Structure formats: C-alpha cells, structure tokens
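Here you go, one structure.
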Amino acid sequence: MRPRVTLTFGGAAALAVAVGWFLLSHRIAHTDAETAVSESVGAILVVMLVASVIGSIRSGKSRGPRRARGRRRR
C-alpha cells in the first residue's frame, strides 16, 4: 500500500477502536465519561504501538545495528 493509504487506514482503525472502547466503557460498564475517554485514549495508544511493531518487523528495520566488516589482517 502507499503511505497515505496506510496512514488513512491506520487512523480510521485507531479511531474505530477508540469510539468502540468509549461506548463499551460508558454505555455498558456504566463508567463516567471522563474515565471512558481516558480508557479510549489508552486503547488508541495500544493500537498505535502494535501497528508500530508490526510495521517495524515488516520493513526489516528491527534487526538492530550490524557490525562493519573491515579488512582482514594477513
């Protein structure tokens, strides 16, 4: 996917998780609105963290630094 499409899809997914979490917490669990908002922000952060880890693994940048190969001494 192109970066703009990926960013749009990721933002929409994070927003959907946040709204779903807010509704679940506020309507079903009967928590106050302030607590439900803070929980939904936490859910967004978890989604973004998971997306970051998956993106890092897929791009191959999670291998860490590589050792420089110099000339061998003879």
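The values are calculated or read from the model by the stated rules, or taken from the named source; none is laboratory data. None of the values given here were measured: they were computed from a predicted structure. Protein only, heavy atoms only, side chains kept; ligands, DNA and RNA dropped before computing areas. Shrake-Rupley method; radii C 1.70, N 1.55, O 1.52, S 1.80 Å.
Counting only heavy atoms of protein chains, what accessible area per residue, in Å², does segment 1-43 have with a probe of 1.4 Å?
Dividing the accessible area of segment 1-43 by its residue count gives 77 Å².
Using a 1.4 angstrom probe on the protein heavy atoms only, line up 56, 25 by accessible area, largest first.
56, 25
In whole percent, and with a 1.4 Å probe on the protein chains, what portion of the accessible area of segment 1-46 is carbon and sulfur?
The C+S portion of the solvent-accessible surface of segment 1-46 is 73 percent.
Round to the nearest 10 and report in Å² the accessible area of residue 34, as given by a 1.4 Å probe over the protein chains' heavy atoms.
150 Å²
In sequence order, what are the phi-derived ³J(HN,Hα) couplings for segment 29-35 according to the Karplus relation 6.51 cos²θ - 1.76 cosθ + 1.60 with θ = phi - 60°, rounded to whole Hz, with x for glycine and proline?
7, 6, 8, 6, 5, 5, 5
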